[in-house]
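A.B. asks: Supplied in structure tokens, the structure appears directly below.
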Amino acid sequence: MSLPDSPTQPTALAPLADGAALGDGPARDALHEALRQLDVADAYQGRARAIVMCEALTGVAQALAGLHAYGPSEHHLAQALRWAAQLGGCDLVADLHCAWAEVATNAGDLADARDDSAGCAAARDRARDHAFEAARLARRATDPNWELCLVLRASDVLERCGDHDDAMQLQQRALQLMGMAGSDPAGADEDFAAALPAGTVAQSAPGALM
């Protein structure tokens, strides 16, 4: 998967909910604060600009996802990826691909619940693409525990999208990362719970982004 084009000025999409209508409350307040932080980040210059813009755009994406506005959330993650590409390295890029995969999976679940088969298929295709890209980039992660987290998140996305064989392959890869090669994949969930390194959390969407 190719990264998006070079970054431009941040563009905010109208926060229309894909699910329940948006209303007042803590989630809406969180979005207002995230948008304020994005305005602050846009004033930065130099290398720091890419870092703070990436963080701020991810924060807006998080807030939008919390309001079930998955389309605008994906839009902001795409912008965050453009800025992350400027920083070099793959850890952040892989994390953002995971986040995008998780949001797209949520969008697919919502479309499925609304009997929107075309929208569901399109969202799950996006989720798969980003999950596979995250798993590919995870091999270049600087921290083995971080690679493990990325692989588990990608596996969770694929499982939710119905790609059970691909999800199982990633689970087996995770077991190998934990030094458990040869374990029965059918018992992978129990193995993960028992063997995850301290501080490693096998998050699933939307928790990995939230």
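A.B. asks: Which numbered condition in (1) of a type in the set (A, V, I, L, M, F, W, C); (2) closer than 20 Å to residue 61 by Cβ; (3) modelled with pLDDT under 95 is the only one that residue 154 fails?
C.D. replies: Every condition holds for residue 154 apart from (3).
A.B. asks: From 127, 138, 131, grab the single residue that is under 13 Å from residue 91 (Cβ atoms) and touching a helix residue (DSSP H, G or I) at 6+ places or on another chain (Cβ under 8 Å). Spell out how you get there, then give the answer.
C.D. replies: Numbers: 127 fails: under 13 Å from residue 91 (Cβ atoms); 131 fails: under 13 Å from residue 91 (Cβ atoms).
Only one candidate qualifies: 138.
A.B. asks: Tell me which residues, restricted to the stretch 66-89, are of a type outside the set (D, E, K, R), buried (at least 20 other Cβ atoms within 10 Å of the Cβ) and touching a Lys or Arg at 6+ places or on another chain (Cβ under 9 Å).
C.D. replies: 67, 83
Conditions tested, residue by residue: (1) within 12 Å of residue 34 (Cβ to Cβ); (2) at pLDDT 95 or above; (3) outside any helix (DSSP H, G or I).
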site: 48; (1), (2), (3): no, no, no
site: 61; (1), (2), (3): yes, yes, no
site: 74; (1), (2), (3): no, yes, no
site: 77; (1), (2), (3): no, yes, no
site: 85; (1), (2), (3): no, no, no
site: 93; (1), (2), (3): no, yes, no
site: 98; (1), (2), (3): no, yes, no
site: 101; (1), (2), (3): no, yes, no
site: 106; (1), (2), (3): no, yes, no
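A.B. asks: Mind telling me which of the residues 184, 112 ends up being out of contact with any Leu (no Cβ under 9 Å at 6 or more places or on another chain), modelled with pLDDT under 95 and more than 19 Å from residue 57 (Cα to Cα)?
C.D. replies: Numbers: 112 fails: modelled with pLDDT under 95.
Unique residue meeting the criteria: 184.
A.B. asks: Here is a check on your reading of the model: is residue 58 crowded, with 21+ Cβ neighbours inside 10 Å and out of contact with any Lys or Arg (no Cβ under 8 Å at 6 or more places or on another chain)?
C.D. replies: Working: crowded, with 21+ Cβ neighbours inside 10 Å: yes; out of contact with any Lys or Arg (no Cβ under 8 Å at 6 or more places or on another chain): yes.
Spelling it out, residue 58 is indeed crowded, with 21+ Cβ neighbours inside 10 Å and out of contact with any Lys or Arg (no Cβ under 8 Å at 6 or more places or on another chain).
A.B. asks: Name the residue, out of 99, 111, 65, 135, that is small (Gly, Ala, Ser), closer than 20 Å to residue 160 by Cα and in contact with a Pro (Cβ under 8 Å, 6 or more places away or on another chain).
C.D. replies: Working: 99 fails: in contact with a Pro (Cβ under 8 Å, 6 or more places away or on another chain); 111 fails: in contact with a Pro (Cβ under 8 Å, 6 or more places away or on another chain); 135 fails: in contact with a Pro (Cβ under 8 Å, 6 or more places away or on another chain).
It is 65.
One line per residue, one yes/no per condition, for (1) on the phi > 0 side of the Ramachandran plot; (2) of a type in the set (Phe, Trp, Tyr):
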| site | (1), (2) |
| --- | --- |
| 83 | no, yes |
| 88 | yes, no |
| 94 | no, no |
| 98 | no, no |
| 103 | no, no |
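The values are calculated or read from the model by the stated rules, or taken from the named source; none is laboratory data. Given the structure is predicted, the values throughout are model-derived calculations rather than measurements. All Cβ positions, even for glycine, are placed from backbone atoms using ideal geometry, and neighbour counts span all protein chains on display.
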